[in-house]
1. About the Cα centre, and with charges only on the beta carbon of Lys, Arg (+1) and Asp, Glu (-1), how big is the dipole of chain B? Nearest 20 debye, please.
2. Using amide H atoms built in the peptide plane, which far-off residues or other-chain residues are under 5 Å from A:L156 H to H?
3. For the charge dipole of chain B, defined by +1 on Lys and Arg C-beta atoms and -1 on Asp and Glu C-beta atoms about the Cα centroid, which residue among B:G78, B:Q293, B:P317 has the Cα displaced farthest towards the positive pole?
4. Work from the charge dipole of the protein assembly as shown (Cβ charges, +1 for Lys and Arg, -1 for Asp and Glu, about the Cα centre) and give the residue of B:Q66, B:T368, A:G162 farthest towards its positive end.
5. Mind checking B:11-19 for the average number of partner chain beta-carbons within 10 Å of each residue's beta-carbon?
6. Would you mind ranking A:M122, B:M312 so that the residue whose beta carbon has the fewest other beta carbons within 10 Å leads the list?
7. Which FRET efficiency, nearest 0.05, do B:Q143 and A:Q123 yield, Cβ-Cβ r, R0 56 Å?
8. What area, in nm² and to one decimal, does the C-alpha convex hull of the protein assembly as shown cast on average over all directions?
Amino acid sequence: MIHAQQLSKSFGQVQAVRNVSLEAPDGQITALLGANGAGKTTSLRMIYGLIRPESGQVRIDGQNPHENRELVLNRLGALPDARGLYKNLTARENIEYFGRLHGMDEETLQQRTDLLIEQLGMQKFANRRTDGFSQGQRVKVALARALVHDPQNIILDEPTNGLDVLATRGVREFLRQEKARGKCVLFSSHVMQEVSAICDRILVIHNGVVCAEGSEQELLAATGQATLEDAFVSLITDDEQTTSEVSA
Amino acid sequence: MKNPFSVIFQKEFRENLRDKRTITSALIMGPLMGPILFAVMFGFMIQQQKNKSEKPLELPVIGADQASSFIKFARQQGAKILPGPDDPEQAIRDKTHDLVLRIDPDYAQQFRHGLPARIQLYYDESNKDSSTPVRRVQRLVNQYSQTIGSLRLQLRGVNPVLTRAAFIEEHDLSTPQSRAALILALLPYVLMIGIFTGGMYLAIDTTAGEKERQSLEPLLLNPVPRSTILAGKLAATVAFSLMAVAITIITFRIAFTFIPFEELGMALKLDARIMGLIFLLLVPVALLAGSLQTIIAAFSRNFREAQTYLSMLLLLPMLPSLAVMIMPLKENAWKMATPILGQNLLINQLVKGEAINPLDLLLAVGGTTAVGLGLAWVAVKLYNRERMLFSS
């Protein structure tokens, strides 16, 4: 379970995130929906403890990732926006490397690696060096290595970015299985269909601020729109009006 | 369960052993080029020396018939008399001869009257090939002049020793080994450059490289302290440096068997004990080099930029020696404790077969280790900074 309260962060003059609060319960998929540059990546980075928020706090299963970093990271698997692989290692070796860094014993590591290779459909390229992998293959390896230690909490930054239809469906199916196992899944996206397809709860983020929150039905009802896309557009244009009113 | 330090070390080590570019530059080119260049330079020097002193002195003489007794003397001394060219100046300019001896037309007459008879020597001092034969000709003429002078005095009943009010007796204390000093001074640099090139790609790969290929952020999401991550990477960098320097030392050992040092009257030693001591001396230099390279690469935005900076760092091994030339350090202890400089001095002593002071060895290893650990600490601190992630 992931809990964030009033997170803010600015880089120089730019306020990237302002007072973002969110809750992602276990057994549900929560989405952070926003356009490019809305503050999704910065919010997630603060949640998984890579950068320190200027104000506000994060709790993952009750622990602060900045104070008990290693404890939290043992219960957390994150797929960041950066998903570079080691090209002189095979896909399997890339996954195993992270497993060993998590202190997994060899037997569990092999079982878990085999399972992930099967679940994500990586049998054909698991023992090849990752140099020259396609975007889809790279994302699958990055996802597998992020989740090799079977964490309770899963954070994914735009997991299906650049994937083709089949690969996207594979990742979605995988996330549904994790949800069914009672995992807490939080991911960011700018793709409406995807959010609509698998999410239980949606947070709309715009200009660093969460401007709406709820299930898809609730968002549609609140905005009086028929599709999530229309609801999203109406929410972020509304927000711009309020912002301009405030600044005026 | 393995500790994360060794997991990281093993991964970096194995991954880089698979990288052709790293292997070629760190373990093949660097360690082989130095010793081979060294052997070629030495071989060239030996060849030149041999040519110069063993070849009979070729002496083109104009007007040889004027000075038959001198010519006879020169032949006795092993000179090969050649017919002189028509125009000596032209012959020197055209480099058809390195030198030309011209017997003055008045030579015979002057000689008969007991007056100084003139022999003209034409040569070009800027022509390096002329320096040895010119010296030999000068010596030849002086010897002849002294011999004749003594005979003339004896004929007049004067003891020729009277003309020598004082004389110089030369004591050249250079041992065969110390004569090699000039070229040998290069040997420590070749070893140091081996260290720097050996770790260069790993230092870049672990910092700027991780950033550029977008793998740093995922790596930092493992429950391992950043200091441990960097320590593992630094250890792999140092290990590559040490492999490179070990290969360099072994290549030197092999190269030395092919260089005929005895022909220069030198004896250079590089036995197992000396090789071991040199390696020991260089271990802390590898730590220093790896940390310094990591720090610089951490400031670079990408692989290419880091590579540019680190190539410039290859000049670093020369700095301490230059600094001492400008500001002489009197205290031997400070010299020994100065990183790289201490190693330079001791490696030269070792190869020349001189006994080294154990205290000097301790100072050199200790001083460099202290600086190396300090730099490693700075590298770890830099790695802990949030900015480290986003400077790309």
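Every read-out reported here was derived from the displayed coordinates using simple, explicitly stated rules and does not represent laboratory data. In this text the structure is predicted, and so the values were computed from the model without any measurement. Here Cβ is always computed from backbone atoms with ideal geometry, including for glycine, and neighbour counts include all displayed protein chains.
1. Using Cβ point charges on Lys, Arg, Asp and Glu, chain B gives about 540 debye.
2. A:L79, A:L186, A:F187, A:S188
3. B:Q293
4. Positive-most Cα among the choices belongs to B:Q66.
5. 3
6. So the residues, fewest neighbours to most, are B:M312, A:M122.
7. FRET efficiency, B:Q143 to A:Q123: 0.05.
8. 43.9 nm²
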